[in-house]
Amino acid sequence: MEMNNPLGLIQALQNPQAFMQNIMANSQLMQNPMAQNAVEMYRKGDTAGLKRMAENLCKERGTTPQEVQNMVMGHFGMR
Amino acid sequence: MPMYNPYPYPAVPTYQPQYQPPMQDRLAQLQGQYQATMPQNQQMSVQQPIQMQYIQQPQMIGRYVNDFTEITANDVPMDGRSAVFVKSDMSEIQTRAWSADGKIIPITFKPVLAEQNENKEKQENLKIDLSDESTKAFMKRFDDISDRLEKMEKSISKQSAPTSRARKGADGDE
């Protein structure tokens, strides 16, 4: 499941549990250390760690979580 | 009237394209030939086709850059592999990879000329040799000094012994 696909994103928002199961079933994705870490943090319920990872990712891409949130909201006309 | 052709074969050889099977087909063909030549009892153990394992060569991701500031997050793959960036003047090479916590970790490699490296090793060896020699010289000096001190101690004790006797004698006379 690709996050670039808006349909995938909608499905992820509708059923995060199933979304995570899909991710875990994807062996290619699970070879990625970042995905492994994210899944592990999700399993442990480490929301602070996930937040930190999201912030790091945004920082590396020259944006902020707030901007990303606004962009996603804008896609759904919820700005 | 049928024309008589004195040359039964064409003077210019015609190009007949031959079909060359792809590598896998060729391998399957060879495998078939091999199995056909195998004795029956051995063939039973080799029923399953031999699966050829192709070792996938790791592909290098990266590009030449004038400066490392040109590199964006999109240049670094998110599948765990490292991207290699080479400065166009070859002064530095940098690898960048996403870490597990969502940060890009750069590692910089700087060139070292082989001759310089050899010279450095020689210099280090020289330093070690010099230090050994200097310690030997110091130890010799220390030995000399300790010998002199022993001699001086002996001479002082010899000198002090008769004087103490003389003093005792002088005290007894009084």
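The values are calculated or read from the model by the stated rules, or taken from the named source; none is laboratory data. What you are looking at is a predicted structure, and each value in this text was computed from that prediction instead of being measured. So basically every Cβ, Gly included, is an ideal-geometry build from the backbone, and we count neighbours across all protein chains shown. Each accessible area value is taken on the protein alone, full model and side chains, heavy atoms only, with ligands, DNA and RNA left out. Shrake-Rupley method; radii C 1.70, N 1.55, O 1.52, S 1.80 Å.
Remarks
- Each label was represented as a point 7 Å from its Cα along the Cα-to-Cβ direction; for A:Q31 and B:A28 these points are 2.6 nm apart.
- Chain pair B, A: total accessible area buried, heavy atoms, 1.4 Å probe, Å²: 1000
- The H on the amide N of B:E92, modeled in the peptide plane, is under 5 Å from the matching H of B:K87, each at least 5 residues off or on a different chain.
- FRET efficiency for the A:A54 to B:N117 pair, using the beta carbon distance and R₀ = 51 Å, is estimated at 0.70.
- Reachable lysines from A:K51, criterion Cα separation under 29 angstrom, eight or more residues apart if same chain: A:K59, B:K103
- For region B:61-114: span of alpha carbons on each principal axis (Å, largest first): 36, 21, 16
- Treating r as the C-beta distance of A:T64 and B:K87 and R0 as 22 Å, the FRET efficiency rounds to 0.10.
- Quarter of the Cα convex hull surface for region B:56-168, i.e. its orientation-mean projected area (nm²): 17.0
- Its Cα centre serving as origin, region B:82-150 has a Cβ charge dipole (Lys and Arg +1, Asp and Glu -1) of approximately 460 debye.
- Residues whose amide H comes within less than 5 Å of that of B:I61, counting only those at least five positions distant or on another chain, are B:V84 (H built at 1.01 Å from N in the peptide plane).
- Cα gyration tensor shape for region A:6-75, rounded if a/c is under 1.5, else prolate or oblate: oblate
- Spin-label model, A:M20/B:T72: points 7 Å from Cα along the beta carbon direction are separated by 3.3 nm.
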